[in-house]
Amino acid sequence: MARRQLEAGSLRFASLSLLLIGAASCTAAYFFLFSVLRPATQPTPFYGDGDGDPRFAEAEGTAIGSECCGGIEHLELWGAAVKWGAEFMLNTSGECCRACKAMCSENGGPCLCNSWVFCGNREACGSRFGECWLKKQQDSLAPERQEEGPLVGWTSGLIYGRGEGIIGLETEYGTIHIKLFPDCAPHSVNYILELLALKHCAGCQFYRAESRGQFWDSNGNHVNKAPFGPPFALIQGTIQPQGTAFPEIPTEACPAIKRGSVAWVGNGPEFFISLANHNEWKKSHTVFGLVLPEDMVVAEKIAQLPTVPDIWNNIEVSVLENSVPLVLNRRKTEWKSVSTNSQMMNR
């Protein structure tokens with residue numbers, strides 16, 4: 001499997017206008033970052049329900065507090081309705097998503113609604129155009145699907161409250177639990193859920209490891225006047241099982257990379273877990289999850305394993321002497337049944 005890396009490059013234009021110089025600087029920064037993270041050759045993220053557990057606070061709060069509200073077009077999720085779409089008409093899928101989020105308690109969970117379905121294609125939906133169905137999946141890591149495809153006029157999305165959307169990357173050094181962000185990266189999370197259902201991740205591994213060095217403190221903050229690497233404070237790997245095709249995943253929400261961020265390199269299947277707050281990378285990568293804070297000790301342990309130096313497009317990197325296989329696992333979180341009286345039904 002070819003590993004991808006970021007290409008280093010700097011654009012210099014001696015006699016261009018100020019506007020073009022600014023554009024060139026932005027382009028140079030992007031390509032430098034891409035060279036830092038993309039592998040060299042291109043031939044041709046258990047506990048119980050999490051309630052009251054301080055380890056969930058940061059990751060859970062990031063998910064529920066997010067301003068993202070994305071879904072997947074041409075997909076209709078099934079499930080028990082907590083609000084009937086025939087009686088709840090909205091203008092956009094974003095409004096439908098936010099209505100679902102509003103049914104989460106203030107502390108981030110549990111959520112009375114963990115999935116939403118919006119009919120936004122006027123031609124395909126007909127009289128149902130604008131219907132917003134708010135639903136409660138029994139298993140949020142294996143949501144019920146009714147139909148999908150280009151002729152489906154529905155857009156659907158997931159919302160993960162406290163204790164939901166937690167997966168594990170199991171390694172010989174411990175398990176790294178990750179809170180997924182389906183509202184910010186719905187296509188990315190959909191791929192992860194498909195891998196969970198596949199129950200096969202042969203070839204998934206970490207192959208690069210670089211510590212924080214002396215450039216970032218234990219909280220991931222950059223030390224004043226220190227360089228930004230190498231080392232680049234990350235562990236990197238791939239989550240594409242051998243023998244399976246990797247789907248086209250579009251670039252999704254790209255917040256600033258912080259300690260614990262789980263993000264794609266480009267559009268995957270290479271990914272990385274950041275060990276530091278990389279504000280200098282700006283909004284360059286789709287972030288689809290966040291490591292639960294206490295599990296960062298496992299990521300740090302992998303970052304300290306023996307490595308060998310390598311050069312990826314003129315950038316010094318550290319590659320693990322022995323790659324670390326990983327397995328995706330899950331823990332089905334069961335909240336107490338949500339009463340929706342006579343309106344509980346499948347649509």
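The values are calculated or read from the model by the stated rules, or taken from the named source; none is laboratory data. All values reported here derive from a predicted model rather than from experimental measurement. Neighbour counts run over all protein chains shown; Cβ positions are idealised from the backbone, glycine included. For accessibility, only protein heavy atoms count, side chains too; no ligands or nucleic acids. Shrake-Rupley method; radii C 1.70, N 1.55, O 1.52, S 1.80 Å.
So here's what we get for this one:
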item	result
Of the criteria (1) of a type outside the set (A, V, I, L, M, F, W, C); (2) part of a loop (DSSP other than H, G, I, E, B); (3) under 19 Å from the mean Cα position of the chain (by Cα); (4) surrounded by fewer than 17 Cβ atoms within 10 Å (Cβ to Cβ), which one GLY243 fails	(3)
Evaluation of TYR173 against (1) under 29 Å from LYS258 (Cβ atoms); (2) of a type outside the set (Gly, Ala, Ser); (3) open to solvent by 10 Å² or more (accessible area, probe 1.4 Å); (4) at pLDDT below 95 (one fails), failing number	(4)
Residue in region 33-49 that is open to solvent by 60 Å² or more (accessible area, probe 1.4 Å) and modelled with pLDDT of 95 or more present	no
Unique match (being small (Gly, Ala, Ser) and modelled with pLDDT under 95) among ALA303, ALA253, ALA299	ALA253
Residue in region 208-217 that is in contact with a strand residue (DSSP E or B) (Cβ under 6 Å, 6 or more places away or on another chain) and surrounded by fewer than 21 Cβ atoms within 10 Å (Cβ to Cβ) present	no
So MET103, is it over 23 Å from the mean Cα position of the chain (by Cα) and either at pLDDT 95 or above or surrounded by fewer than 21 Cβ atoms within 10 Å (Cβ to Cβ) (or both)	no
